[in-house]
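A.B. asks: My questions will all concern the structure given below.
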Amino acid sequence: MADLHTTYLGIPLKNPIIVGASNMVNNIDNLKRMEDAGAAAIVYKSLFEEQIQLERLEMDEDLTEYNDRHAEMTTLFPDIEHAGPGEHLMNLRLAKEKVSIPVIASLNCVFPDTWIEYAKLIEQTGVDAIELNFYYVPRDFNTSDQEIISQQLNIIKQVKENIRIPVSVKLSAFYSNPLHTIKQMELHGASGFVLFNRFLQPDIHIDRQSHVNHFTPSIPEENRLPLRFAGLLHGNISSSICCNSGIHNADDVIKMILAGADCVQIVSTLYKNKIEHISIILEVLKKWMEHKNYNSLNDFKGLLSANKVNDPFIYKRAQYIDILLKSGEIFKKYKLH
């Protein structure tokens with residue numbers, strides 16, 4: 001029988017399927033369904049800086065609301081330091097208690113002190129690891145790319161110095177050289193990388209002439225970007241590689257492992273096909289491995305990575321040039337002339 005076991009962040013997993021961060025995990029029943037369907041681990045939805053600051057603001061307003069009216073009463077008690085977004089931390093602890101598979105927290109902050117403070121609070125919930133969600137949207141013309149990277153490297157280093165559980169980084173592909181950035185992040189303490197963060201982009205309603213926001217599920221074609229970088233990273237870093245975005249079925253999972261990933265995160269396919277789709281992915285993966293006579297994931301992991309393929313240009317610029325030079329075949333295929 002095919003052995004689906006793998007390791008992520010030093011944590012043994014029964015298979016390579018991790019449920020990525022989403023609102024689905026808010027429901028305890030969904031967590032149990034994910035576990036029953038075969039999920040190897042669950043990433044709990046992100047805690048954002050905006051939530052933290054909003055709660056701080058609301059707490060401060062509550063504490064000072066009657067200061068002017070009853071000053072003599074409010075000075076009878078010492079200042080109260082709020083406990084932060086307690087509901088999120090409580091739910092995170094509850095999630096860890098309700099399932100036996102690993103639970104990974106996700107944290108997305110802005111200020112260095114907040115990253116450290118809440119990484120420590122999250123560790124106290126008993127989760128198995130923390131995913132630092134570096135969702136950075138450029139909006140400042142004066143901040144250099146090196147400044148941004150330096151800040152992120154410093155955050156990884158300081159978080160690692162303050163907690164004992166493993167730290168992974170979910171990052172975007174929008175770096176001048178993601179390979180160099182990942183290597184630097186590994187040196188600063190990251191134990192794994194999630195490829196890649198999927199940014200939700202604004203849209204414009206032309207009749208109302210206003211901005212609108214959409215949640216658009218991923219499509220399978222989006223997995224080619226993480227596939228490329230998994231193939232380039234395999235064998236060149238010691239950290240775990242987890243592919244994210246556009247992974248909808250067993251074929252997609254197999255592709256990522258062939259490229260060099262240790263595991264994958266899935267979300268959109270569960271919204272589309274329901275949580276129980278996890279069991280179908282695992283069953284098809286097992287049958288494919290048995291058909292190919294693979295006993296374990298390690299038998300084919302990285303088999304088509306940049307270090308293993310005979311074609312040295314498959315992950316490079318020549319692939320792009322080759323497709324353009326064959327544009328006539330593309331026109332013929334799609335009957336464009």
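A.B. asks: Among the residues of segment 68-90, is there at least one that is at pLDDT 75 or above and open to solvent by 70 Å² or more (accessible area, probe 1.4 Å)?
C.D. replies: Yes, that holds for at least one residue.
A.B. asks: From the set of residues in segment 1-14 that are surrounded by 18 or more Cβ atoms within 10 Å (Cβ to Cβ) and over 23 Å from A190 (Cβ atoms), which is modelled with the lowest pLDDT?
C.D. replies: Result: A2.
A.B. asks: Taking the condition of being under 15 Å from N244 (Cβ atoms) and among the aliphatic types (A, V, I, L, M), how many residues in segment 1-23 meet it?
C.D. replies: Qualifying residue count, segment 1-23: 5.
A.B. asks: Further question on the same structure: Just checking, does segment 244-261 include any residue being in contact (Cβ under 8 Å) with a residue 24 or more places away in the chain, in contact with a strand residue (DSSP E or B) (Cβ under 8 Å, 6 or more places away or on another chain) and among the acidic types (D, E)?
C.D. replies: Among the residues of segment 244-261, at least one is in contact (Cβ under 8 Å) with a residue 24 or more places away in the chain, in contact with a strand residue (DSSP E or B) (Cβ under 8 Å, 6 or more places away or on another chain) and among the acidic types (D, E), which makes the answer yes.
A.B. asks: Please determine, by comparing only the residues of segment 260-285 that are touching a Leu at 6+ places or on another chain (Cβ under 8 Å) and surrounded by fewer than 24 Cβ atoms within 10 Å (Cβ to Cβ), which one is nearest to L232 (Cα to Cα).
C.D. replies: L285
A.B. asks: Among residues belonging to segment 135-175 that are of a type outside the set (V, I, T) and touching an Asp or Glu at 6+ places or on another chain (Cβ under 6 Å), point out the one that is surrounded by the fewest Cβ atoms within 10 Å (Cβ to Cβ).
C.D. replies: Filtering first and then ranking leaves S168.
A.B. asks: Are there any helices (runs of 4 or more DSSP H) wholly within segment 189-292 with 3 or more residues that are at pLDDT 95 or above and closer than 26 Å to L303 by Cβ, and if so which?
C.D. replies: 224-233, 250-259, 277-291
A.B. asks: Something else: Give segment 159-188 a look and list any residue that's among the aliphatic types (A, V, I, L, M), at pLDDT 95 or above and assigned to a loop (DSSP other than H, G, I, E, B), or say none.
C.D. replies: Of everything in segment 159-188, those that are among the aliphatic types (A, V, I, L, M), at pLDDT 95 or above and assigned to a loop (DSSP other than H, G, I, E, B) turn out to be I163, I165.
A.B. asks: Let me ask something else. For a quick check of your reading of the model, give me the residue pairs whose first member lies in segment 134-154 and is closer than 15 Å to V169 by Cα and at pLDDT below 90, whose second is open to solvent by less than 50 Å² (accessible area, probe 1.4 Å) and in a loop (DSSP other than H, G, I, E, B), with beta-carbon atoms closer than 7 Å and at least 6 apart or on different chains.
C.D. replies: Partner pairs satisfying both residue conditions: Y135/N197.
The values are calculated or read from the model by the stated rules, or taken from the named source; none is laboratory data. Source: prediction; values computed, not measured. Virtual Cβ from ideal backbone geometry, glycine too; neighbours counted across all protein chains shown. Just the protein is used for accessible areas: all its heavy atoms, side chains included, with ligands, DNA and RNA removed. Shrake-Rupley method; radii C 1.70, N 1.55, O 1.52, S 1.80 Å.
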